Amino acid sequence: KKLETPPDFWLTSYEDAAREATRRRARLLALFTGSDWSPASKQFDDEVAQHPDFVNAFTGDYVFLRLDFAARAPIPAEVREQNARLRERYGVTTYPTLLVLSPAGSVLAVVDLLKPQLGDTYRDRVIAAVREVRDLLILRPPAPELDPVAPAPAVAAPAPAPAAPAHPSSGSIK
């Protein structure tokens, strides 16, 4: 039985997710999925993605981003293009894949969904895998990054000064 959660719980826009992660000072949990053709992705969707045990365990730590590569489900062209760019950027070839990203888009961790984890159910094992990565990032936080969403101040660069001819006998180091 599928439990109901808000339909927009998983964001589908990378820009919106990055902006929300920056606002919340959180990380992104990016799910690359093939919702209508990958059996493992279907299992993740059915047993984990919307389940309160998963959602409640990680909403404080992550902004959830869903990047679907559905073969038959209608996905807007701009979302398909965004997802394809992100798949290429991160080299994703297996579905489902879970990446922990900084708001700037750096890969902080890959959640290994195939690594043996304690738990009686698939959902328990996925939760354990995500929790393990979260806890490691808390113990060894990555270096801070610049805010990717805030635009850089528009400052005109000064024109370069003409280069002075080097004097062979000066011996100075600039």
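The values are calculated or read from the model by the stated rules, or taken from the named source; none is laboratory data. Because the structure is a prediction, the values reported are computed rather than measured. So basically every Cβ, Gly included, is an ideal-geometry build from the backbone, and we count neighbours across all protein chains shown. The area values use the complete protein model at the heavy-atom level, side chains included, leaving out ligands, DNA and RNA. Shrake-Rupley method; radii C 1.70, N 1.55, O 1.52, S 1.80 Å.
Observations
- Accessible area of the stretch 77-146 divided out per residue, in Å², using a probe of 1.4 angstrom: 61
- Listed values for the stretch 90-106 are Karplus-derived 3J(HN,Hα) couplings in whole Hz (6.51 cos²θ - 1.76 cosθ + 1.60, θ = phi - 60°), namely 9, x, 7, 10, 10, 10, x, 10, 10, 10, 9, 10, 6, x, 7, x, 6, and x replaces Gly and Pro.
- Across the stretch 17-22, coupling constants 3J(HN,Hα) worked out from phi with the 6.51/-1.76/1.60 Karplus curve, θ = phi - 60°, read 5, 5, 5, 5, 5, 5 Hz, and Gly and Pro carry x.
- Of the chymotrypsin sites (Phe, Trp or Tyr not before Pro) found in the stretch 1-85, those in coil by DSSP whose Cβ has at most 14 other Cβ atoms within 10 Å are 9, 37.
- Note on exposure: 121, 33 ranked by accessible area (1.4 Å probe, complete protein assembly) read 121, 33, with the most exposed listed first.
- Portion, in percent, of the accessible area of the stretch 1-102 that falls on carbon or sulfur, probe 1.4 Å: 50
- Placed amide H near residue 108: partners under 5 Å, 5+ positions off or other chain: 100, 101, 102
- For the stretch 14-60, the solvent-accessible area of protein heavy atoms averages 45 Å² per residue (probe radius 1.4 Å; ligands and nucleic acids excluded).
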